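First up is the structure itself, then whatever we jot down about it.
The values are calculated or read from the model by the stated rules, or taken from the named source; none is laboratory data. Just so you know, these numbers come straight off a predicted model, no measurement behind them. Every residue, glycine among them, receives a Cβ derived from its backbone with ideal geometry; neighbour counts consider all protein chains shown.
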Amino acid sequence: MELKIAIVGGGVAGLSAAIYALRANADVTIFEQYGLGGLTASLDKIENFPSYTNVEGWQLADNMVNQAQALGLKTVYEQVVDIRKTDKGFDIITSENTYNFLSVIIATGTKHNKLGIEGDFIGRGVSYCATCDGNFYRKRPVTVAGNGNSAVNEALYLSNIASEVHVINPADTFNADEILVNRLTSSENVKVHYNCTVTALNGEDKLQSITVLDNDGKHEIPTDALFVAVGAQPALDFLRSLSVEKDKAYIKADDHMQTSVEGLFVCGDVSNGPLKQIVTACADGAKAGHYASAYCRKVSRGK
Ligand SMILES: Cc1cc2nc3c(=O)[nH]c(=O)nc-3n(C[C@H](O)[C@H](O)[C@H](O)COP(=O)(O)OP(=O)(O)OC[C@H]3O[C@@H](n4cnc5c(N)ncnc54)[C@H](O)[C@@H]3O)c2cc1C
């Protein structure tokens, strides 16, 4: 019986889907453009994944990778550029090859939004990942733009490294977990600028200051780095040929993580679930892996 399943994206959602599908005896291949573990692998401390009081992101991701690989996971390190429906299932088209599968699970997560004024400063002071680049600014002044959980997490992480952390919050409150906000606002080296937006980046070869606009007008804040954490959007650029129903740009899923296209499933941050967290991505992945395997079994029996 042919139970060939492709999973596009090797973050925690894709890995959880793989674990469930492999245990249902499916032949599972993950397509991953960078490294297995996805966004989780780049996170600092995770304090809300059940069974761990405090775990580093790479450790949690590594545990899942090892678990899936021990069950027989195959990985193709290629970027998926298109998916096409065929009479045998789906063609996965990567930058290098075309592969055929009976069922596909999309688990490509999100990509970060930009401010639109970054220009040439990306990599020369502007970053989208404090855990990746924070260490370059040890004992230097840095800034975080944003007011959600990501921005608060980034600022908290940087507060242990940088001399001072400015948080440019476009609203008068945070849109983040209260426990994290309290921790941030009580940090001695953190200054939150409310109702404030970044309007310009200044510097010669690298970032030296930012211009911000608040209720009192324009000001300049000296800073060596600007960490941009202003939300994200689903990573779906590759979905060129298939017409899949969306809900506010995220792929719409039913209770079984089935999309509007038969045999195509979705899980994790790229789906329209309301809470974008590791535990919900894993739960979505479990359902997608389970029901994609059941779908393959049903289709194979019918052949
Ligand atoms: C700063 C920050 C802090 C966070 N802290 C927490 C926390 O403390 N607790 C918590 O529960 N959650 C936290 N989150 C949220 C959590 O990280 C996400 O919910 C989770 O990582 C989503 O997993 P995913 O597998 O859906 O997507 P991702 O982890 O984004 O994985 C998607 C994968 O798909 C790959 N991919 C994308 N497009 C393609 C393509 N075309 N071809 C091949 N591969 C592709 C990507 O390379 C990536 O590896 C945080 C998020 C951020 C930004």
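Does any residue of segment 127-143 turn out to be under 14 Å from Val198 (Cβ atoms) and β-branched (Val, Ile, Thr)? So far as segment 127-143 goes, yes, one or more of its residues are under 14 Å from Val198 (Cβ atoms) and β-branched (Val, Ile, Thr).
Quick one: is Leu201 of a type in the set (A, V, I, L, M) and assigned to a helix (DSSP H, G or I)? Break it down into steps so the answer makes sense when it comes.
Details: of a type in the set (A, V, I, L, M): yes; assigned to a helix (DSSP H, G or I): no.
So Leu201 fails the test.
Being touching a residue at least 60 places away in the same chain (Cβ under 8 Å) and within 10 Å of the ligand (Cβ to nearest atom) is the filter; apply it to segment 145-154 and report the residue that is surrounded by the fewest Cβ atoms within 10 Å (Cβ to Cβ).
So the residue we want is Gly148.
Can you tell me which residue among Leu239, Leu207 is surrounded by 15 or more Cβ atoms within 10 Å (Cβ to Cβ) and away from the ligand (no atom under 15 Å from the Cβ)? Break it down into steps so the answer makes sense when it comes.
Details: Leu239 fails: away from the ligand (no atom under 15 Å from the Cβ).
Testing whether each residue is surrounded by 15 or more Cβ atoms within 10 Å (Cβ to Cβ) and away from the ligand (no atom under 15 Å from the Cβ) leaves just Leu207.
Return the residue satisfying two criteria in turn: it lies in segment 265-280 and is buried (at least 17 other Cβ atoms within 10 Å of the Cβ) and within 20 Å of Ile83 (Cβ to Cβ), and of such residues it is nearest to the ligand (Cβ to nearest atom). Looking at the filtered set, the residue picked out is Gly268. Scan segment 160-195 for residues that are within 14 Å of the ligand (Cβ to nearest atom) and within 22 Å of Lys206 (Cβ to Cβ) and the total you get is 1. Where strands (runs of 3 or more DSSP E) fall entirely within segment 208-303, those with at least 2 residues that are free of Cβ contacts under 8 Å to residues at least 40 places away in the same chain are at 209-214, 217-222.
It is to be established whether one or more residues within segment 14-24 are within 6 Å of the ligand (Cβ to nearest atom), closer than 21 Å to Ile93 by Cα and crowded, with 22+ Cβ neighbours inside 10 Å. Talk me through it step by step, then tell me what you get.
Filtering segment 14-24 for residues within 6 Å of the ligand (Cβ to nearest atom) gives 14.
In the following step, the residues that additionally are closer than 21 Å to Ile93 by Cα were identified as 14.
In the following step, the residues that additionally are crowded, with 22+ Cβ neighbours inside 10 Å were identified as 14.
Taking every residue of segment 14-24 in turn, at least one turns out to be within 6 Å of the ligand (Cβ to nearest atom), closer than 21 Å to Ile93 by Cα and crowded, with 22+ Cβ neighbours inside 10 Å.
Restricted to segment 1-109, the set of strands (runs of 3 or more DSSP E) holding at least 3 residues that are among the aliphatic types (A, V, I, L, M) and at pLDDT 95 or above comprises 4-8, 80-86, 103-106.
Among residues of segment 39-64 that are without any contact (Cβ under 8 Å) to a residue 24 or more places away in the chain and closer than 20 Å to Ser127 by Cβ, those with a Cβ under 9 angstrom from a residue that is among the basic types (Lys, Arg) and within 8 Å of the ligand (Cβ to nearest atom), sequence gap 6+ or separate chain, pair up as Glu56/Lys45.
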